[in-house]
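Comments concern the structure below.
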Amino acid sequence: MTPTGQPRVFLVDDHELIRTGIRSELTGSVDIVGEADEVDVAIEMIIERTPDVVLLDVHMPGGGGLTVLRAVSEKCPDVRFLALSVSDASEDVISVIRAGARGYVTKNISGPDLLDAIYRVAAGDAVFSPRLAGFVLDAFSLEGRNLEPGDVDPDLDLLTPRERQVLRLIARGYSYRDIGTELAISTKTVESHVSSVLRKLQLSNRHQLSHWASERHLY
Amino acid sequence: MAIETPPRAVIGTPYRPLRRGVKNAILGGVCGGLAIRLGVNERTVRIIFSLLALVSGVGLLLYMLLWLTLPRASEAQSIAHRLLGRRRELHRVLFGLILVVAFIIVLDRLGIPSLGIYTWPFLLSLAGVIGVWRGATPDEHRHLEELVRSAPLIRIPTSPSKKNLLFRVLLGTVLVLFGLRTLSRLHGYWGGTTPVLFGTIILILGVLILLAPWWLATLNELSGERRARVRVEERANVAAHLHDSVLQTLTLIERAAGDEGAVVRLARNQERELRQWLFDPEHVVTDDEAGTYSSQLHTLEGEIENDYGVKVELVIVGDCAANPDVLALVAAGREAAINAARWSGATLVSIFAEVETNAVSLFVRDRGQGFDVDAIPHDRQGIALSIRQRMARHGGTTSLKSTIGVGTEVQLSLPRTP
């Protein structure tokens, strides 16, 4: 964080236009410490400048966002990643989350929502777009999956009813504050539910998740 | 070729099915696979097979038999299984077998001795080779082609110089002649069958050296040509799609440059369509089918975005067939979404659809101005009523929540019998 409490943000995207757009939306509200349009350059600069949050384009030539994520996480585990993508392909989303990103938003997100997401990620919380919430509900659904009773680790492979509720509300377009009001719990509690879902998403070995991940050569 | 020593089987290790090896394969991986299954050194297995092949040809036959009937470690079906499933390939292999038999008979008639006790194993193995070549998976084909290519003298010359060609022709001819001569010596110094086998091998080697480069080159050209054709077709498809959709839209945007609303609408429409084409090809909606719940919703998303200029965020979990009840649910959802787009003042309408074991639900939400549910103006009551009635007719429920300044959500649910 800067002395004024603004998160230090780094932009990684190979499209000049997108970077310009994001920069103009964020200037003044966060401290943009650098940007890169190539995987190698990005890795080097992020490790050198250790920003609070990296806005990471998932699809980039030269290995894509996943390469940056993995290389940086190894050296600087404190740098947090918010994945930014135009793609709705579920395997992409699940892959970056499983590689360690704290959140995923689509590029047509509005300026204030993006800012909100950055602050959340900087604070160590998770950010789920409605689509990501939908994917998670789908992947963790109880029916129709190859689940064998012995294979299920209830701590990692199942969502609690409350987490399910929270995800449904996110998918319905509710903000964290709206969810708190709806369920009569504090925003902080909502955040902790979402963080717990994120953890399950990253660690669970559910068939579909590991399938998606292995298709992208995560293992 | 790097050969990895297979892990030795010890008592208590889990049962390993007998499969042909992939990593430790020289020819078909039979010896490697056997070694892993039996837990012995693969070199031992190879030596045993070679000895068996020399002594009576049985080793050769056994090897071919296993090659044909054992599936590769990475594959589900054996070559024989695949061949039997394909009538045409089977015919080809049988045809090859008949040719080989005919060749031997002709040799016999011409007074050139047959191969003695080697005859039948050798013959059947040749047919087996044809079978392997026809029935192998592309992956195994690649392995075999690599093998043939890496053999000295047979591989395609990188620089087809005259000297190279001359050497090849000379060597090939000499080998062919020498092979024929050995074969023709009915009662040679060594007597019996050894010179016959020896001669045959040399003859085959000679022919291979003479003809292999041309054969391989033709093979290469053919597959290269096929690949190029596929690429061209693919490119044509992409070009056609880009032309029909993206290029058209860009032209329309240029023309509508003055009208902001129209530009946004066109761009969104194109974005949605392209996104679907790229990432979700199964869900491409065709006009003439009721299809599924999700395909109906995708259509709805498009209509709302097009006709009302708002962004729709659609999230779907699960899917089911679009029966009349589900169609009614979607129709009710459409009215709710149109309401939100028209009256709420929000630029984004969130639609969440979920299919569970015993319910199909649809949520339409906006973060617009909201209204007082108890004091609905007359013109909006009509629509709210029609949604309610429609849902009730199909056994579903409707619930409406709205807060001034926060937004509105319409919740629709339909019971479902799985």
In nm, the gap between the two label points placed 7 Å beyond Cα toward Cβ at B:Leu51 and A:Glu48 is 6.7
Toy charge model, Lys and Arg Cβ at +1, Asp and Glu Cβ at -1: the range A:8-126 dipole around Cα centroid in debye, rounded to 20, equals 340
Computed from the beta carbon distance with a Förster radius of 51 Å, FRET efficiency for A:Glu182 and B:Glu234 to the nearest 0.05 stands at 0.55
Averaged over residues of B:362-370, the number of beta carbons from other chains lying within 10 Å of each residue's Cβ is 2
When A:Tyr119, A:Tyr174, B:Tyr308 are ranked with the fewest other C-beta atoms within 10 Å first, the list becomes B:Tyr308, A:Tyr119, A:Tyr174
Within the under-10-Å Cβ sphere about A:Asp125, not counting A:Asp125, Lys/Arg +1 and Asp/Glu -1 give a net charge of +3
Here the whole-number average of other chain Cβ atoms within 10 Å per Cβ of B:314-324 is 4
By the mean-Cβ-within-10 Å protection proxy, highest first, A:190-203, B:236-249 rank as A:190-203, B:236-249
Partner shielding of A:172-180, as the mean number of partner chain Cβ atoms within 10 Å, equals 5
Exposure-ranked with fewest Cβ neighbours within 10 Å first, B:Leu83, B:Leu252, A:Leu167 stand as B:Leu252, B:Leu83, A:Leu167
Exposure-ranked with fewest Cβ neighbours within 10 Å first, B:Ile304, B:Ile338, B:Ile98 stand as B:Ile98, B:Ile338, B:Ile304
In nm, the gap between the two label points placed 7 Å beyond Cα toward Cβ at A:Ser175 and B:Trp133 is 7.2
Hits in the range B:46-69: amide N under 17 Å from the 7 Å Cα→Cβ extension of B:Ile201, namely B:46-64
Along the dipole axis of the range A:8-126 (charges at Cβ: +1 for Lys and Arg, -1 for Asp and Glu; origin at the Cα centre), the most positive-end residue among A:Ile97, A:Leu17, A:His59 is A:Ile97
Restricting to lysines and to Cα separations under 26 Å from B:Lys401, and discarding same-chain partners fewer than 8 apart, the set is A:Lys188, B:Lys311
Pseudo-spin-label distance B:Glu225 to B:Asn358, built 7 Å along Cα→Cβ, given in nm, is 6.5
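Each value in this text was obtained by applying a stated rule to the coordinates, not by laboratory testing. From a predicted model like this one, the values you see are computed outputs, not experimental measurements. Ideal geometry is used to build each Cβ from the backbone, glycine not excepted, and the neighbour counts take in all protein chains shown.
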